[in-house]
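The values are calculated or read from the model by the stated rules, or taken from the named source; none is laboratory data. All values derive from a computational prediction rather than experimental measurement. Cβ: placed from backbone, ideal geometry, glycine included. Neighbour counts: every protein chain shown. Just the protein is used for accessible areas: all its heavy atoms, side chains included, with ligands, DNA and RNA removed. Shrake-Rupley method; radii C 1.70, N 1.55, O 1.52, S 1.80 Å.
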Amino acid sequence: MVTISLYKKHRVGKIEHEIFGAFIEHLGRSIYGGIYDPGSIYSDKDGYREDVKDLVRELGVDIIRYPGGNYVSGYDWRDGVGERKVRLNLAWGQTEPNTIGTHEFCDWAKSIGSKVMLATNMGTGTPRDAGEYVEYCNHAGKTALTDERAKNGRAEPFGIERWCIGNEMDGDWQIGTKKANEYGRLAHETAKIMKMVDPSIKLTVCGSSGPGMPTFPEWDRIVLENTYNEVEFLSLHRYYEFPYADKKRVGDFLGSFVDFDAFIKTGKATIEYVKAYKRSRKQVYLSVDEWNVWHMQEGNRQKEKWEVESVLAENHYTAIDAIVFATLMMTLLNNADCVKMACLAQVINVIAPILCEHDKKAIRQTTFFPFAYGSKYAKGYTLESLSDSDGYDSIYGKVPYIYTANTYDDNTGELTCFIVNTRETESEDVSLCFDGFDNLEFTESFTLDYNDKFDTNNLGEEEKVKMIKGDAARKQSDGRFAYTAKPLSFSVVRFAEK
Ligand code: AHR
């Protein structure tokens, strides 16, 4: 028996809905062959796939980061507006027709009800390019650039509030990698210009692209020391897979969230250090603007270099991937005091919760479910959770058998408990001890349903892995609720004040 204690007024932090953001890049079949696929029986008259749109709506994505990723470090935004130029996508070895650019992507995002966060090129781009991009998108007055925007069909500004200053600039794989001080200086000057154009925008500066980087966490400190006054967010990126791609290392893989939590807490500590060093009252937050499960060796079938629609990073997610994914999402929620934005990388075909083929209807991958249920039910505040769960050792440290994230919404009086049992063969009774709530009653529960931990959902087939209605949480004589978490399970257990 594991006891989880929650007190209504003890809160980690407010959950900004931007935690349920995502990321779409010009990579593989994400844009071409993903959201845009003229000639597909599922596409509308303009070539956009309706089935994909329906699923992205259902996924519940608040904000989408675009157009990269590594791609952005060689991207000239001018190639994607007005007259289009066919270019090489050097980051991914593809040909880029630029059919989809800022206008098309923003219209698409609007049609599915998501906001857009744009990234600027800090690899080959300049502070002036970034400033002009903000002017093109956001300036309301009449200038040469806004005239061009109007000529391209958009008289009104796009009103893009959030911007990233580059992508993973600490990685040698990045076009135009920089040393921390070089990037810090450049980001500082770029941020100044961008905010001179539009002071209302919110900026994200590139933090570390992973705790495995030799530059981590010095990079984050140096970059923030250069930019603390100009930016609102420090970005972190992190992907997990079976350690050494060894699918027998189930326990280690399930422990990924322990490492993710430590990574986030180091980012938070670095922000606090720089805040103190600067004697600043301003609070910078974290934007984990790339996170996911990514089996890096899988799903790469690029026939030849410079194809437009190469098959790259098309992971076929399993039930266990969904459970690890759920724990990562829950870790974001459990750090809601400092994580105020996050982007699931990515959305369609490329390391994605949605998979489609030209004439095959888009499907929900296994990882679709934790995100969709999180986006729908994780509202209000994350509560502090006290747990007495025992655990096991992993390469990332001790992994609790029962891991939870618990959210409470003052507006509705709803409490949602996300519960993962990391044990493969044993169920666990969880005793939920609630304090300070008014007449809390169990309302509903959902659980991930599958037969084998390596089950996948496949195009053209019934869903093998899906969320189903779960068991009730049973009210005990002492006022606690008991919920049985099945072996290797992800459940969403909901209560409401009556
Ligand atoms: O999401 C795929 C790639 O992963 C992104 O382009 C890059 O930023 C990261 O390394």
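A few points about this structure:
- Report summary: the helix-based calculation at 222 nm, which adds -39500 (n - 2.57) for every DSSP H run with n ≥ 4 and divides by the residues of the chain, gives -7500 deg cm²/dmol.
- Over all directions, the projected convex hull of the C-alpha atoms in the stretch 250-291 averages 3.3 nm² in area.
- Using the Cβ of Tyr277 as centre and a radius below 12 Å, the other residues enclosed give a net charge of +2, where K and R count +1 and D and E count -1.
- For a straight C-alpha distance cut-off of 18 angstrom, the lysines reachable from Lys45 (same-chain residues fewer than eight places away being disregarded) are Lys53, Lys110, Lys360, Lys361.
- Over the stretch 50-144, equivalent-ellipsoid semi-axes from the Cα gyration tensor in Å: 23, 18, 13
- Viscosity 1.567 mPa s, temperature 4 °C, Stokes-Einstein D of the stretch 260-389 from Kirkwood C-alpha radius, µm²/s: 76
- All other residues whose Cβ lies under 9 angstrom from that of Thr412 are scored, Lys and Arg at +1 and Asp and Glu at -1, for a net of -3.
- Whole-number D in µm² s⁻¹ for the stretch 433-498, Kirkwood Cα-pair radius fed into Stokes-Einstein, 37 °C, 0.692 mPa s: 238
- In this structure, Lys247 and Thr443 have a Cβ-Cβ separation that, at R0 = 45 Å, corresponds to a calculated FRET efficiency of about 0.75.
- Counting only lysines at least 8 places from Lys278 when in the same chain, those with an alpha carbon closer than 23 Å to its own are Lys179, Lys192, Lys195, Lys202, Lys265, Lys268, Lys340.
- Peptides 446-455, 118-127 ranked from most to least packed by the mean count of surrounding Cβ atoms within 10 Å: 118-127, 446-455.
- Each other residue within a Cβ distance under 15 Å of Glu309 adds +1 if Lys or Arg and -1 if Asp or Glu, for a net charge of -2.
- Against the chain, whose longest principal axis is taken from its Cα atoms, helix 180-197 shows a tilt of about 70°.
- The mean accessible area for residues of the stretch 393-498, using a 1.4 Å probe and ignoring ligands and nucleic acids, is 45 Å² per residue.
- Averaging 1/r over each pair of different alpha-carbon atoms in the chain and inverting the result gives 23.3 Å, the Kirkwood hydrodynamic radius.
- Surface per residue (accessible, 1.4 Å probe) for the stretch 21-137, Å²: 31
- Candidate aspartates and glutamates for bridging to Lys464, where Cα separation is under 15 Å - those fewer than 8 sequence places away on the same chain excluded: Asp321, Asp449, Asp452, Asp455
- Ordering Arg49, Arg29 by accessible surface, largest first, gives Arg29, Arg49; the 1.4 Å probe counts only protein heavy atoms, with every chain in place.
- Modelled label reach - His139, point 7 Å along Cα→Cβ, the stretch 169-198 residues with backbone N closer than 14 Å: 193-198
- Carbon and sulfur %, accessible surface of the chain computed with the full protein complex present, 1.4 Å: 48
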